[in-house]
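Here's the structure, in structure tokens; my notes come after.
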Amino acid sequence: MAQAWKCSGLRWSADGPVLVWDGGRRSALTWGKRVAFGVAEGGVRTCVGARGHACPARVAVPGRSTGARCEECARLDRAHSVAADTIADDPRPYHVYLAWFGPGMTKVGITAVERGSARLLEQGAVCFSWLGAGPLMAARRTEELLRAALGVPDRIPYAEKRAVRAALPQAAADRAGEVAELHARAVELGGWPESLVREPLRVVDHVDVFGLDGVPGAVGGVSELVAGGVVSGELVAAAGPDLHLATGGGVVVLDTRLMTGWELEPAAGGELSVPVRVREAPGGVQDGLF
């Protein structure tokens, strides 16, 4: 019987994307590497718990859930979360940033200074620039200022990000244009908190890091894993939590958050045999995978 592993998710290191497994094992991912695994026969996807603690009831969770948590563990996970805006006393300094994912898709956000650009890689930001750095509440107020004054959102759905990755502008200067424009408008605004230190425009581009230069358009995306199913394909790109896998039927996107909570086994080969939602948009640009 093959040894089963549980995935903790995709992480981004200085060398690129890495799959992390329960127990600390890590699998580095490189372009051209074959990603192949199967879901254990008769397996059930169970809640991954909260804040480093296992779910006491091992509740079964839906295959399409990207959180892989039961209702109670999801509540506990967000009970002390900067992202959920439930804490205000974090003493660490925070960056405010502008992140661009494709034409017309720029968002404002914050991340702890100590994390560097990890948060931007995790979100799949094609390029970004810092706006400033300071205490958490000053960063939050600046984020809200930009949302209100410039109409910049703080969230962009993953489906929209995936839809444009194969049709990004080829020139880095063109990809940086919207960030540069919004940065210039932002620094002209009044009402910035005095404790936030502003930072000049320095656009960082992730196209090469993600392997998106020339990446083929995706024909669809994995909608869920199922017991007995197999995922198999050659890695051609990765961005945020997504792996772009070349299969016999074209490039398919796997959101690695769908892997958590399952017992997974090595697969020597075989074709992709999990549910895939096929692209429905006409022409060369899809309007969503999920």
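The set of residues in the stretch 115-150 being closer than 15 Å to GLY16 by Cα and touching an Asp or Glu at 6+ places or on another chain (Cβ under 9 Å) consists of GLY124, VAL126. Between GLY240, GLY221, GLY229, the distinction of being closer than 18 Å to VAL35 by Cα, in contact with a Leu (Cβ under 6 Å, 6 or more places away or on another chain) and in contact (Cβ under 8 Å) with a residue 60 or more places away in the chain belongs to GLY221 only. Of all residues in the stretch 28-58, those being under 24 Å from GLY248 (Cα atoms) and modelled with pLDDT of 90 or more number 12. Restricting ALA125, ALA159 to those that are more than 22 Å from ASP205 (Cβ to Cβ) and aliphatic (A, V, I, L, M) reduces the list to ALA159. Looking across the stretch 42-65, the residues that are over 14 Å from ALA227 (Cβ atoms) and under 22 Å from the mean Cα position of the chain (by Cα) come down to CYS47, VAL48, GLY49, ALA50, ARG51, GLY52, ARG64, SER65.
Scan the stretch 10-69 for residues that are farther than 14 Å from ARG257 by Cα, in a strand (DSSP E or B) and open to solvent by 70 Å² or more (accessible area, probe 1.4 Å) and the total you get is 3. Taking the stretch 14-41 as the range and being out of contact with any Asp or Glu (no Cβ under 8 Å at 6 or more places or on another chain) and closer than 15 Å to LEU243 by Cα as the test, the residues that pass are GLY16, PRO17, VAL18, LEU19, VAL20, SER27, LEU29, THR30, TRP31, ALA36.
When each of GLY233, GLY221, GLY229 is tested for being more than 30 Å from VAL59 (Cα to Cα), buried (at least 18 other Cβ atoms within 10 Å of the Cβ), among the small types (Gly, Ala, Ser) and in contact with a strand residue (DSSP E or B) (Cβ under 8 Å, 6 or more places away or on another chain), the lone residue that passes is GLY233.
ALA99 - would you say it is touching a residue at least 24 places away in the same chain (Cβ under 8 Å), within 14 Å of the chain's Cα centre (by Cα) and either surrounded by fewer than 22 Cβ atoms within 10 Å (Cβ to Cβ) or not in a helix (DSSP H, G or I) (or both)? When the stated conditions are applied, ALA99 passes them. Taking the condition within 21 Å of the chain's Cα centre (by Cα), modelled with pLDDT under 95 and closer than 23 Å to ARG140 by Cα, does ASP89 pass? So ASP89 does not fit the description; no. Picking from ARG279, ARG257, which residue would you name as being closer than 20 Å to THR66 by Cα, open to solvent by 50 Å² or more (accessible area, probe 1.4 Å) and modelled with pLDDT under 95? Selected residue: ARG279, the only one of ARG279, ARG257 that is closer than 20 Å to THR66 by Cα, open to solvent by 50 Å² or more (accessible area, probe 1.4 Å) and modelled with pLDDT under 95. Within the stretch 260-271, restricting attention to residues that are open to solvent by 50 Å² or more (accessible area, probe 1.4 Å) and touching a Ser or Thr at 6+ places or on another chain (Cβ under 7 Å), the residue that is modelled with the lowest pLDDT is GLY270.
The values are calculated or read from the model by the stated rules, or taken from the named source; none is laboratory data. Small disclaimer: the values here were computed from a predicted structure and weren't measured. Cβ coordinates were reconstructed from backbone atoms using ideal geometry, including for glycine residues, and neighbour counts include every protein chain displayed. Accessible surface is based on the protein model in full, side chains and every heavy atom, while ligands, DNA and RNA are left aside. Shrake-Rupley method; radii C 1.70, N 1.55, O 1.52, S 1.80 Å.
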